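Working notes, structure below.
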Amino acid sequence: MPKVKIHPLILVGLFINSVAMVFYAYRSYSNQEMGHGIIFTLLFIFLIGLVIWGIVRNKKIDYTSK
């Protein structure tokens, strides 16, 4: 079964969501809600990791298909 690329709009959506998590984390830290801030920071790291992994995966698929 051939590998399928991750659609760029999905990667853009994940990136926008990760930026939103940063804003939520900042707002939570400024309101002294440390638990929420930590959760949103972890979500940001997870989503940005997915975006980076998706970009690397797409480039790898492009490279191997040529």
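Readers should treat all values here as calculations from the given coordinates under stated rules, not as data from a laboratory. Small disclaimer: the values here were computed from a predicted structure and weren't measured. All Cβ positions, even for glycine, are placed from backbone atoms using ideal geometry, and neighbour counts span all protein chains on display.
See the values below:
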| quantity | calculated |
| --- | --- |
| Residues within segment 12-57 that are in contact (Cβ under 8 Å) with a residue 40 or more places away in the chain, surrounded by fewer than 17 Cβ atoms within 10 Å (Cβ to Cβ) and not β-branched (Val, Ile, Thr), tallied | 1 |
| Complete set of residues in segment 1-53 that are closer than 20 Å to TYR63 by Cα and not in a helix (DSSP H, G or I) | MET1, PRO2, LYS3, VAL4, LYS5, ILE6, HIS7 |
